[in-house]
Amino acid sequence: MGRRGHHPTTTFAAADRASSRPVSTRASPLVPRLGRRLIPEELLKMVTNVVDLRSDTVTKPSDAMRAAMAAADVDDDVLGADPTAHRFEMEMARITGKEAALFVPSGTMANLISVLVHCDTRGSEVILGDNSHIHIYENGGISTIGGVHPKTVRNNPDGTMDIDKIVAAIRHPDGALYYPTTRLICLENTHANCGGKCLSAEYTDEVGEVAKSHGLKLHIDGARIFNASVALGVPVHRLVKVADSVSVCISKGLGAPVGSVIVGSTAFIEKAKILRKTLGGGMRQVGILCAAAYVAVRDTVGKLADDHRRAKVLADGLKKIKHFRVDTTSVETNMVFFDIVDSRISPDKLCQVLEQRNVLAMPAGSKSMRLVIHYQISDSDVQYALTCVEKAAEEILTGSKKFEHLTNGTTRNSYGH
């Protein structure tokens with residue numbers, strides 16, 4: 001692992017004078033009612049808001065983001081005239097080391113556009129991980145909209161796919177009468193379903209060499225590529241050097257309210273613009289959103305190392321609770337997965353009881369949970385959440401009904417956020 005805390009320097013000028021203090025999350029009427037018997041009084045004083053660990057997509061815009069949005073110089077971006085969008089796209093192209101960039105409404109659209117640009121002939125095939133976000137959580141869009149066939153390769157626990165299996169999945173041209181034509185390989189960095197694991201530059205280079213030698217393209221779903229950059233101590237542009245395209249989600253680890261960016265060659269982005277319009281993603285005065293996105297890149301990248309540190313603290317704390325099993329060595333970025341070993345505790349029930357204590361979480365499976373740290377989660381929030389998780393488990397096992405009247409009986413599910 002390289003040095004931690006590295007982040008690329010940005011030079012975008014707009015809204016630099018705005019305050020970067022985060023906007024508080026919604027106030028909690030419930031936490032003070034828990035009392036000293038459950039939660040130490042000093043911790044209650046420090047935690048007065050909902051501790052939302054469902055995802056890093058739940059952050060609220062900071063004061064600086066809101067100020068930048070209000071002050072943004074805008075025009076019609078569909079006509080190519082929005083100056084704030086243009087400047088932000090140029091900055092993202094610079095950071096990633098690519099020729100051009102395009103702001104789009106979501107990560108799902110970013111990946112869909114990227115796949116369809118590379119696979120512009122129906123009946124194309126893309127090789128991707130069987131546990132990847134594109135394959136599982138994006139509504140099968142590459143197939144239903146683009147006529148692109150997914151060829152899955154098993155993801156290893158670290159998010160990689162074995163190189164020999166990638167090579168074996170590439171269709172031989174002699175079989176074109178029977179099989180789809182392989183045109184693209186997709187990687188995901190960090191890999192969400194594998195616990196927020198980071199793909200190294202060396203591994204990505206190796207996959208890129210396979211793609212190049214077989215005449216294929218390489219796309220990286222880099223929804224949390226800045227998390228990978230900070231955790232590995234490697235600049236983003238180095239992590240994506242061999243990629244033909246990359247999608248970067250600004251509204252996940254970086255905390256912007258809306259948006260993703262696609263980066264690639266100038267020719268690639270020109271085609272992507274057409275598809276963005278076709279899919280309904282062409283927005284007019286989108287500089288309002290790009291202004292917040294810039295502030296997210298400028299202000300939040302430097303906080304990702306703290307997110308990763310807090311995730312490790314959270315994992316270490318969960319490991320000490322006898323009802324759960326956590327592989328603390330697997331926590332590389334801002335995600336913590338843990339298994340519930342007591343069959344009497346279900347993820348849905350645990351989430352319900354936690355919500356009564358103003359801690360929000362989502363199940364990751366029938367016996368597992370995922371908690372995600374973001375820049376609006378503090379050290380005291382982590383300690384409060386740990387206390388609540390332990391108390392919630394005890395309440396479920398003892399059958400206490402103390403907070404039963406506060407729940408509506410609904411359950412939560414994970415939808416790939």
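Find the helices (runs of 4 or more DSSP H) located wholly in the stretch 174-274 whose residues include 3 or more that are farther than 22 Å from Arg122 by Cβ and hydrophobic (A, V, I, L, M, F, W, C), and list them.
Ranges flagged: 201-213, 225-232.
Scan the stretch 274-314 residue by residue and report those that are under 17 Å from Gln383 (Cα atoms) and within 19 Å of the chain's Cα centre (by Cα).
Of everything in the stretch 274-314, those that are under 17 Å from Gln383 (Cα atoms) and within 19 Å of the chain's Cα centre (by Cα) turn out to be Asp306, Asp307, His308, Arg309, Arg310, Ala311, Lys312, Leu314.
In the stretch 123-144, which residues are farther than 14 Å from Val207 by Cα, touching a residue at least 40 places away in the same chain (Cβ under 8 Å) and of a type outside the set (D, E, K, R)?
Listed by number, the residues that qualify are Gly123, Ser124, Asn131, Ser132, His133, Ile134, Ile136, Tyr137.
How many of the residues in the stretch 332-346 are crowded, with 16+ Cβ neighbours inside 10 Å and in contact with a helix residue (DSSP H, G or I) (Cβ under 7 Å, 6 or more places away or on another chain)?
Result for the stretch 332-346: 8.
Please identify the pairs in which a residue from the stretch 149-172 that is more than 24 Å from Asp120 (Cβ to Cβ) has its Cβ atom under 6 Å from the Cβ atom of a residue that is among the hydroxyl-bearing types (Ser, Thr, Tyr) and at pLDDT 95 or above, counting only partners at least 6 apart or on another chain.
Pairs that qualify, where the first residue is more than 24 Å from Asp120 (Cβ to Cβ) and the partner is among the hydroxyl-bearing types (Ser, Thr, Tyr) and at pLDDT 95 or above, are Thr160/Tyr203.
Which residues, counting only those in the stretch 119-129, are more than 23 Å from the chain's Cα centre (by Cα), at negative phi and not β-branched (Val, Ile, Thr)?
Once the filter is applied, which keeps residues that are more than 23 Å from the chain's Cα centre (by Cα), at negative phi and not β-branched (Val, Ile, Thr), the stretch 119-129 yields Cys119, Asp120, Arg122, Ser124, Glu125.
Show the residue pairs that are 6+ apart or on different chains and have beta-carbon atoms under 6 Å apart, the first residue being within the stretch 202-216 and more than 13 Å from Val240 (Cα to Cα) and without any contact (Cβ under 8 Å) to a residue 40 or more places away in the chain, the second being hydrophobic (A, V, I, L, M, F, W, C) and surrounded by 15 or more Cβ atoms within 10 Å (Cβ to Cβ).
Pairs found: Ala211/Ile185; Ala211/Leu218.
Being of a type in the set (A, V, I, L, M, F, W, C) and surrounded by 24 or more Cβ atoms within 10 Å (Cβ to Cβ) is the filter here, so list the residues in the stretch 273-296 that pass it.
Correct list: Val286, Leu289, Cys290, Ala291, Ala292, Ala293, Val295, Ala296.
Condition (residue is in contact with an Asp or Glu (Cβ under 8 Å, 6 or more places away or on another chain) and crowded, with 24+ Cβ neighbours inside 10 Å) applied to the stretch 229-244: is it met by at least one residue?
Yes, because at least one residue in the stretch 229-244 is in contact with an Asp or Glu (Cβ under 8 Å, 6 or more places away or on another chain) and crowded, with 24+ Cβ neighbours inside 10 Å.
The values are calculated or read from the model by the stated rules, or taken from the named source; none is laboratory data. Keep in mind it's a predicted model, so treat the numbers as computed, not measured. All Cβ positions, even for glycine, are placed from backbone atoms using ideal geometry, and neighbour counts span all protein chains on display.
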